[in-house]
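The values are calculated or read from the model by the stated rules, or taken from the named source; none is laboratory data. In this text, all values refer to a predicted model and were calculated from it rather than measured experimentally. Virtual Cβ from ideal backbone geometry, glycine too; neighbours counted across all protein chains shown. All accessible areas refer to the heavy atoms of the entire protein, side chains included, with ligands and DNA or RNA removed. Shrake-Rupley method; radii C 1.70, N 1.55, O 1.52, S 1.80 Å.
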Amino acid sequence: MAQKPSIPKGTRDFSPIEMVRRNYIFDTIREVYRIYGFQPIETPAMENLSTLMGKYGDEGDKLLFKVLNSGDFLENIGFDELKKGNSLKLTNRISEKGLRYDLTVPFARFVVQHFGELTFPFKRYQIQPVWRADRPQKGRYREFYQCDADVIGSDSLLNEVDLVQIIDDVFKRLNVRVLIKLNNRKILAGIAEVIGESDRIVDITVAIDKLDKIGIDAVNEELREKGVADAAIVALQPILNLSGSNEDKLNQLLTILATSEKGLKGIEEIQVIIRYLKAFDLSTPVELDLTLARGLNYYTGAIIEVKALDVQIGSICGGGRYDDLTGIFGLKEMSGVGISFGADRIYDVMTQLDVFPTDRIASTKVLFLNFGRDEGEFCLPLLQKVRMSGISAEIYPDIVKIKKQMSYADRKRIPFVVIAGETEIAAKNVKLKDMNSGAQFSVPLIELVPILLTKLEV
RNA sequence: GUGAUUGUAGCUCAGUUGGUUAGAGCGCUAGAUUGUGGAUCUAGAGGUCGUCGGUUCGAGACCGAUCUUUCACCCCA
């Protein structure tokens, strides 16, 4: 055999059964987004590097896939420059496009570029793959889908409430038990303020975000390494240890953050959201989690994250409010809030929980056996009638042994086989075989479609 | 980016301290069954042992590089 072909690291092929399941997830999310009044858009796989660079932090810039300029990309590069090997500088000369890293930044670009054509508040959803040059590991791929919904041009906390409901709705439909965690960047900022380390808000949040995973001692150790003052770490402890109901936690926070205007604003926002949510009959628990930080690049208000309750995996959905995402593209005063479902991780979770509906697997419902040229021709009008009635059907294209054709039906889990050989044609009927029971019986030509419709109905 | 880890038939894996022609199960193909799938039996096909280089009389096994797999960290969906 010649050398086996392969695909790039961190990418995957999807078989028909995997596609059926993935589409089930996409269709569910798409349907919920539609019901909540979001409209679809798509953006190109490639964006200009100037759009992408600097939006995801230094780490993010490194993880961008860059696309080499077409044509002779070294045309204007001197040999001396190449020899110097300043790859950062060279990259700018030979590449001006990159694969999108997420859907939010391209969306911000979209809003600025199409500002005049849009009606605000603009609610859009977008389900497309994104690419990151990360090292693959569990639940992490270099090409994966995000399913984003954002509202831009509205400050109202009702949007946050909508998003929480969407999350609840989607996972209810998908039959996955989850926990929704809420937090607010203003509270995090308030905490940093009252412990006297406002400048270190990023370090502090990154560290306490790991509380679940590494424990309080390791968190304190990391804070110390990052240069947070011992007094501040001590002041932080009671906050990390807050417990009880959401109301209890908020009440205690009110005292702790009493001197921080920003912190109090954050508390108020969360209170409003939680109060609104009480009006709905949610099946998902919503928990205030002060250690929730998420990517800090653009979030400014609410932060939302969703964890599967029954499977150990990273977050499967997340989002938050960003007050000035479009500002970097020159459009100020545009507050937005959005969420993103990680379809690939949801797929992994649902696979582990075995909660995919089974009836979606068979695609073809009826197979016409092919006994020969004349018999095959005899089947064609019947085949068309079956298809016109909305039942997926096919005729075995090659004239091969019946055993092989039956085996094909069996392996594709086709529930019904139509047998039309010499004897049936002479008798002006066909035999219909039920592949599950193995029973088969004669059916007059006229009745084939009605009988199939009743049988498949069940 | 840091540190580990994996690679032998389509799939899951054996392969002894380096020694003749690299094996098994499942799957696949054909037949038993000249118009009937899922069971059984029989036979058969299929491998430059990830790739390149090195050590050796001799490498699937040892060494190096590289690609790939999986995992942790960083970060994140």
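On the basis of the beta-carbon distance and an R0 of 45 Å, A:LYS226 and A:GLN352 show a calculated FRET efficiency of 0.80.
The fraction of accessible area contributed by carbon and sulfur in chain A is 51 percent, rounded to a whole number (1.4 Å probe; ligands and nucleic acids excluded). Here A:SER50 and A:GLN137 are evaluated by their C-beta separation; at R0 = 25 Å the FRET efficiency comes out at 0.25. For chain A, the longest principal axis of the C-alpha atoms and the axis of helix A:343-353 are separated by about 70°.
For the pair A:GLU287 and A:MET19, label points projected 7 Å from Cα toward Cβ lie 4.0 nm apart. Placing dummy labels 7 Å off each Cα toward the beta-carbon, the span from A:ARG275 to A:ALA427 is 7.7 nm. Grab the DSSP H runs of chain A that are 4 residues or longer, score each as -39,500 (n - 2.57), total them, divide by all residues and round the 222 nm result to the nearest 500 deg cm²/dmol. Roughly -13000 deg cm²/dmol at 222 nm, from the helical runs in chain A.
Scan segment A:360-430 for trypsin sites (Lys or Arg not before Pro) in coil per DSSP, keeping those whose Cβ has at most 13 other Cβ atoms within 10 Å, and list them by number.
Details: sites: A:ARG360, A:LYS365, A:ARG373, A:LYS385, A:ARG387, A:LYS401, A:LYS403, A:LYS404, A:ARG411, A:LYS412, A:ARG413, A:LYS428; in loops: A:ARG360, A:LYS365, A:LYS401, A:LYS412, A:ARG413, A:LYS428.
When the trypsin sites (Lys or Arg not before Pro) of segment A:360-430 are filtered for loop state and at most 13 Cβ neighbours within 10 Å, A:ARG360, A:LYS401, A:ARG413, A:LYS428 remain.
Given the Cα-Cα distance of A:LEU158 and A:ALA235 and 0.36 nm per residue of separation, how much length would full extension add, in nm?
That pair, A:LEU158 and A:ALA235, stretches by 24.3 nm at full extension.
In this simple spin-label model, placing a label point 7 Å from the Cα along the Cα-to-Cβ direction at both A:GLU333 and A:THR454 gives a separation of 6.9 nm.
In this structure chain A gives 52 Å² per residue of accessible area when probed at 1.4 Å with all protein chains present. Protection proxy ranking for A:153-165, A:241-253, using the average of other Cβ atoms within 10 Å per residue and placing the highest first: A:153-165, A:241-253.
Within the same chain, aspartates and glutamates fewer than 8 places from A:LYS401 are excluded, and of the rest, those with a Cα less than 17 Å from its Cα are A:ASP374, A:GLU375, A:ASP410, A:GLU422.
Working ranking of peptides A:16-24, A:101-109 by packing, defined as the average number of other Cβ atoms within 10 Å per residue, highest first, is A:101-109, A:16-24.
Only one residue of A:GLN165, A:GLN384, A:ASN183 has its Cα farthest out toward the positive end of the dipole of chain A, where Lys and Arg carry +1 and Asp and Glu -1 on Cβ, and that residue is A:GLN384.
Please compare each pair in A:LYS9/A:LYS55; A:LYS4/A:LYS365; A:LYS138/A:LYS210; A:LYS62/A:LYS186 to a cut-off of 23 Å on the Cα-Cα distance and tell me which ones are over it. In this structure, A:LYS9/A:LYS55; A:LYS4/A:LYS365; A:LYS62/A:LYS186 lie more than 23 Å apart at Cα. In this Cβ point-charge picture (+1 for Lys and Arg, -1 for Asp and Glu), chain A has a dipole of about 1460 debye about its Cα centre.
Estimated at 0.36 nm per residue, the fully extended path between A:LEU179 and A:ASN76 surpasses their Cα-Cα distance by 31.6 nm.
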